[in-house]
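See below for the structure under consideration.
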Amino acid sequence: MANRINGTDEISINGERYRLDGDVSWFDISQPPGKVVIGDTNDESNPLASTWEMTDFRDGIGVNVMDIRTDGNRAWWSTAQLRHRGHLVLPRQAVTTAEHSTLGDIQVIAHFKNEVYTTVGTAVYLYNNGGDTHILLNSSAEATLNNPATDWAAGKLHPGGTATDTLVIATGSEVHYATNSTTWAVNTTNIKYVVFWNDFLWGIDEAGQLYYTDNLAAGWTTDALLQLEGSSVVGLTVARGPDREQHIYAHTRETLHVHDNVNTRFVATDLELPFHPQGGDGHEVFRGQIFNSAGNAIYRFQAGSDATVIDVIGPDLDDGLPETRRGSITQLLKSHNDLLALVDATTTADSRSLSSRAFTGVSARAGVGQTTFGESTGLSHILGWDTRGWEVKWVSPSGGRSITTADVSSAYNTYRLWWAHNQRVYYMQLPVDVINPTQTSEQNYDTTAELETPWFDGGVSNQDKLALSLWVDSTHPSSDATLRFEYAVDLIESYTTLVTKTATGLSEYTLPVSSDPVGLANRYIKWRITWTRDSTVTATPDLHKAYMTWRKRVPAIFGQRFLIKVEEAIGGVPPHQQVRNLLTARYSKTLVEVTWRNDDATDDPQNYFVDVLNVQISDRTGSLGIPPNRVLIEFGEPRPSVTRT
């Protein structure tokens, strides 16, 4: 503890007392360096403020706390469309079709001969697109399944040597097949999953036995046996193998196997994962690569003749999904623009039972990595990945309801995504390319959307910032088409509405409110934006640009300047030694304790821990025995030592 100072004009530095010549002068050393603006002016040209731009979210959802160096184009969660820079708009409208006459979970949605078929339990339905009805197919006993459907495929079989378009529905106990909506037949082999390849229909049963046929009326031929535990197989796909030829792949709860047609066997690939209760439920070939899910994780697999590439691209990367949106991927589908993922948020697998997964670019055999997020009951939804980021396509309006199946097709000459949720079939029109929303008048929009930004800390989470204004540039088809902006601060999910914008143009909104524009102090801040459509289904509020101006607030740090007299001894220390002691303080590797108060009786001792910034010695000429006259000292606190508020 530094010496206490009883007399006036004295100071204690590093435990040594000195006499002062005058008062201690305080000065503020916490001013940040000025910004340097080079070239033409832009949003960052304000020398006293910075900007956080919210214009481009094409890198997708999944970041909760932003790293400003890498996450400027990310959102935490959003149901708005994110694929267009400078055009954030409502999602596409989902259409709910009529109820089936038999209510129950829908197991299969299939397309065949430009029409859509669905199964509910053992009933098979054909959708009437013009009349919005699901027609029960009961013209024959074969059109009614003996068991609920497990898989389907459509392709050409060759009964009697004639190529015939055929719809195949497997149940795990038998196969029902049709050449049109009224002509059905049954094969009683217990096939569970089916796929067309190499001019044959291939099927696998629950025990892993593979079969093939080109004529279901004539039966199946036994092929390879997948030597795994029962019920481990979850599906078949066709993709390129290491020889660059197309092969059948069998997906299981743990492994991916490729079919060796020449030697009638299955061969394990490098994609070997720890067991997951939903492992492999989602599997698809998208743009020449195989994708395989495990919970919310998705593994991308590319077989090669000399090296296999495996990495992870699922929505569980970074900060994952919000708690009420977490779940398990039950199906993957390809479309022109996206790999689509159905996320069932009704599953409740315990995250403690899930093993770890591989880091990006490392074979799963490596054994360690990030852990898959645990599932929780919440809102099921559909996500899309365009190789850059994940976008939300649709969210269930009610919790605790799963999305049971889906299909992408051009049935009825319209490119659509079809899915089943809560015993109903929905569809959404899909684009075949990325269309600027301002260049089409044919797109129907949903009524509302919401976007949550990540928490923003300006790169300095331990310092206060001052949010000054929010600037918004947007287009509104009418005053009923609105954009509402709300903010939350300091990691507390409690929102305050700043403004509901109703008019086209660029507007500034001061914080915290326009009537009190003093700024909003925060360490973290985030925004929630809500889109609301008017009665015109083809019109949407269009957010072109939003950016927040803010100022960095460096904590108040003070320095002290004073003049020390070293003309005579003090406390038995001669002048020359006083100078040496001051130089020792100057070169100290730790902070130096300083005080000029006698504050033993207070609960706020004025002891400062400082760096000695500057020492100026006024030396005298002449005899070597004459000590220096005055020493100017400047101190600075690298951190506040005492409370001054």
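The values are calculated or read from the model by the stated rules, or taken from the named source; none is laboratory data. Predicted model, so just to flag it, every value in this text is computed and none were measured. Positions of Cβ are backbone-derived with ideal geometry, glycine not excepted, and every protein chain shown enters the neighbour counts. Just so you know, the surface numbers come from the protein's heavy atoms only, side chains and all, with ligands and any DNA or RNA stripped out. Shrake-Rupley method; radii C 1.70, N 1.55, O 1.52, S 1.80 Å.
Please give the strands (runs of 3 or more DSSP E) falling wholly within region 2-91 in which 1 or more residues are surrounded by fewer than 13 Cβ atoms within 10 Å (Cβ to Cβ).
Per the criteria, 25-28.
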For region 458-491: of the residues being at pLDDT 95 or above and acidic (Asp, Glu), which is farthest from Ile529 (Cα to Cα)?
Asp490
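Suppose we keep only residues that are part of a loop (DSSP other than H, G, I, E, B) and more than 11 Å from Thr119 (Cβ to Cβ) within region 129-144. Which one would you say is most open to solvent (accessible area, probe 1.4 Å)? Write out each step before concluding.
Quick first cut of region 129-144, residues part of a loop (DSSP other than H, G, I, E, B) only: 129-132, 137-140, 144.
Imposing the further condition that a residue be more than 11 Å from Thr119 (Cβ to Cβ) reduces the set to 129-132, 138-140.
Values: Asn129: 55, Gly130: 78, Gly131: 44, Asp132: 57, Asn138: 106, Ser139: 79, Ser140: 33 Å².
Residue satisfying both the conditions and the ranking: Asn138.
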Residues located in region 421-465, provided they are among the aromatic types (Phe, Trp, Tyr) and within 23 Å of the chain's Cα centre (by Cα)
Trp455, Phe456
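Okay, residues lined up against (1) under 15 Å from Tyr249 (Cβ atoms); (2) in a strand (DSSP E or B); (3) at pLDDT 90 or above; (4) open to solvent by less than 40 Å² (accessible area, probe 1.4 Å):
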site: Tyr299; (1), (2), (3), (4): yes, yes, yes, yes
site: Gly304; (1), (2), (3), (4): yes, no, no, yes
site: Ile310; (1), (2), (3), (4): yes, yes, yes, yes
site: Pro315; (1), (2), (3), (4): no, no, yes, yes
site: Asp318; (1), (2), (3), (4): no, no, yes, no
site: Leu321; (1), (2), (3), (4): no, no, yes, yes
site: Thr324; (1), (2), (3), (4): no, no, no, no
site: Ile329; (1), (2), (3), (4): no, yes, yes, yes
Note on region 171-186: residues in a strand (DSSP E or B), out of contact with any His (no Cβ under 8 Å at 6 or more places or on another chain) and surrounded by 18 or more Cβ atoms within 10 Å (Cβ to Cβ) are Val175, His176, Tyr177, Ala178
Taking region 159-187 only, how many residues are polar (S, T, N, Q), within 17 Å of Val108 (Cα to Cα) and free of Cβ contacts under 8 Å to residues at least 40 places away in the same chain?
2
Would you mention how many residues in region 499-525 are part of a loop (DSSP other than H, G, I, E, B), modelled with pLDDT of 95 or more, closer than 16 Å to Trp471 by Cβ and of a type in the set (S, T, N, Q)?
1
Tally time: how many residues in region 230-247 are crowded, with 16+ Cβ neighbours inside 10 Å and closer than 14 Å to Gln302 by Cα?
7
Count of residues meeting criterion [surrounded by 14 or more Cβ atoms within 10 Å (Cβ to Cβ), more than 23 Å from Thr536 (Cα to Cα) and polar (S, T, N, Q)] in region 403-449:
5
In region 55-76, what residues are modelled with pLDDT of 95 or more and among the hydrophobic types (A, V, I, L, M, F, W, C)?
Phe57, Ile61, Val63, Val65, Met66, Ala75, Trp76
Flagged in region 253-295 as more than 27 Å from the chain's Cα centre (by Cα), open to solvent by less than 20 Å² (accessible area, probe 1.4 Å) and polar (S, T, N, Q), in numbering order, are Thr269
